[in-house]
Amino acid sequence: MKKFLIIGGGAMGSAFTIPCLENKNDVVITEPYSKKFIKELSSKRKYHSALKMNLPKKLKFRKYSGDLLKEKFDLIVIALSLPGIDFIGKELKKNKINTPLLVLTKGLKYISRSKKIFTISEKLQKVYGIKNISVLKGPCLAKELARKHQTSVIISNKNINFAKKIGKRISTKYYLNEFSKDIIGVEVCSAIKNIYAMIIGAGQSLNTSSSLFQRSINEMKYLTKYFKGKEISTLGLAGVGDLYVSSAGGRNSKMGSYLGKGYTFKNAKKRFMPNDTVEGEQLVREIAPYVMRKINKKKIPLMISLFKAILNNRKLIVT
Ligand SMILES: NC(=O)c1ccc[n+]([C@@H]2O[C@H](COP(=O)([O-])OP(=O)(O)OC[C@H]3O[C@@H](n4cnc5c(N)ncnc54)[C@H](O)[C@@H]3O)[C@@H](O)[C@H]2O)c1
């Protein structure tokens with residue numbers, strides 16, 4: 001039995017505990033941020049409002065603290081959304097934690113000091129000095145995983161044997177794992193697919209969306225290589241796999257459908273999705289200033305069209 005600490009009691013962190021528990025690991029979940037999730041996870045029933053189900057009784061909830069991080073765990077899993085990455089990076093550094101990390105969070109970070117875009121693992125390494133980071137990405141709707149629908153994800157670490165060790169501890173009949181050494185490529189794909197899901201969602205017919213899908217893959221290949229990942233990762237679970245699920249459903253493609261109908265981003269958000277986080281929009285704001293300055297715009301026309309629509313709050317014109 002291994003001891004896991006899951007940081008982040010949102011939909012994904014909570015769903016992830018299910019295959020971990022099924023593998024007879026000792027699983028502790030903690031929530032540093034949301035009062036709602038703290039209340040739900042610490043209750044006797046453990047009813048999770050985002051997953052709309054009770055979590056297993058064996059799951060242990062602990063109040064978040066630096067001392068909790070210092071306890072002996074075999075793996076710390078980060079399941080916070082992107083804004084939580086700096087918080088947890090600081091905490092891990094302050095408490096001198098060197099437990100191996102597995103990051104589920106998707107996104108990219110702009111570091112103003114070095115004026116560059118970094119993946120989450122690069123940021124945790126470079127800014128917070130954290131070593132032995134693995135990432136787990138791919139097409140996974142938390143609600144479906146929690147209900148044990150067959151799900152395939154990819155675990156990546158430069159040391160692929162370590163990724164495989166994690167796989168052994170978490171895979172089940174319904175939670176299948178692939179492995180990769182290309183941590184950068186896997187992270188870049190899993191982040192930018194949110195932007196392309198919005199673009200594909202903007203297509204007002206299946207024919208148009210299919211054409212946008214194919215052009216999105218080409219741009220994803222280019223960007224993955226630009227950030228020094230391997231092009232082949234674009235065709236794997238973190239790339240095409242995750243792009244499919246995100247464009248077939250989900251908040252990014254929903255927002256894209258409003259943009260495609262001619263609404264501006266602000267209008268659509270206010271009118272149709274006032275309480276939803278649209279991860280693709282957050283990523284646009286994080287990376288657009290860098291991408292617009294540094295990357296050949298002719299290679300990524302779809303992404304540039306979306307940047308212009310969101311940043312200038314004007315109609316999306318796909319060229
Ligand atoms: N790797 C995968 O298989 C996979 C699958 C689905 C989602 N995800 C990713 O997991 C992450 C979480 O997704 P989710 O569906 O659980 O979202 P959620 O909204 O249900 O939960 C978000 C979590 O982040 C925390 N959080 C939010 N803002 C924070 C802040 N400023 N500081 C600290 N913590 C903060 C919340 O309290 C909560 O624990 C996202 O990045 C998402 O893209 C990964």
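The values are calculated or read from the model by the stated rules, or taken from the named source; none is laboratory data. Predicted model only: the values in this text are computed from it and were never measured. Here the Cβ positions follow ideal geometry from the backbone for every residue, glycine too, while neighbour counts run over all protein chains shown. Calculation scope for accessible area: heavy atoms of the full protein, side chains included, ligands and nucleic acids excluded. Shrake-Rupley method; radii C 1.70, N 1.55, O 1.52, S 1.80 Å.
Summary table
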quantity: Qualifying trypsin sites (Lys or Arg not before Pro) for segment 1-51 [loop in DSSP, other Cβ within 10 Å: at most 14]; calculated: Lys24, Lys44, Arg45
quantity: Among the listed pairs Lys158/Lys193; Lys58/Lys270; Lys94/Lys221; Lys60/Lys90, those beyond 30 Å (Cα-Cα); calculated: Lys58/Lys270; Lys94/Lys221
quantity: Gain upon complete extension [Arg62, Ser42; 0.36 nm per residue less C-alpha separation]; calculated: 6.4 nm
quantity: Stokes-Einstein D in µm²/s, Kirkwood radius over Cα pairs - the chain at 10 °C with 1.306 mPa s viscosity; calculated: 80 µm²/s
quantity: Gained length - His149 relative to Asn98, 0.36 nm times residue gap less alpha-carbon distance; calculated: 15.0 nm
quantity: Cα-based helix-to-principal-axis angle, 279-294 vs the chain, degrees rounded to 10; calculated: 60 degrees
quantity: Cα-centre dipole for the chain with unit charges at Cβ (Lys and Arg positive, Asp and Glu negative), debye to 20; calculated: 540 debye
quantity: Net charge of neighbours whose Cβ lies under 14 Å from the Cβ of Ile160, counting Lys and Arg as +1 and Asp and Glu as -1; calculated: +4
quantity: Relative contact order computed over the chain (Cα-Cα under 8 Å; 6+ residues apart), in percent; calculated: 14 percent
quantity: Relative contact order for segment 184-311, counting Cα pairs under 8 Å that sit 6 or more residues apart, in percent; calculated: 34 percent
quantity: Share of carbon and sulfur in the accessible heavy-atom surface of segment 97-191 [1.4 Å probe, %]; calculated: 49 percent
quantity: For segment 3-181, the fraction of alpha-carbon pairs in successive 10 Å shells from zero, as %; calculated: 10, 40, 38, 12, 1
quantity: Residue-normalised accessible area of segment 3-181, given per residue in Å² at a 1.4 Å probe; calculated: 48 Å²
quantity: Helix 11-22 axis, angle to the chain major axis (alpha carbon atoms, nearest 10°); calculated: 40 degrees
quantity: Net charge over other residues, Cβ less than 12 angstrom from the Cβ of Ile120 (K, R count +1; D, E count -1); calculated: +1
quantity: All-pairs alpha carbon distance profile, segment 194-286, 5 Å steps from 0, percent; calculated: 3, 15, 23, 25, 17, 11, 5, 1
quantity: The chain - mean residue ellipticity at 222 nm from DSSP helices (-39,500 (n - 2.57) per run, n ≥ 4, rounded to 500); calculated: -14000 deg cm²/dmol
quantity: Cleavage-rule hits (GluC sites (Glu not before Pro)) in segment 212-290: DSSP loop, at most 16 neighbouring Cβ within 10 angstrom; calculated: none
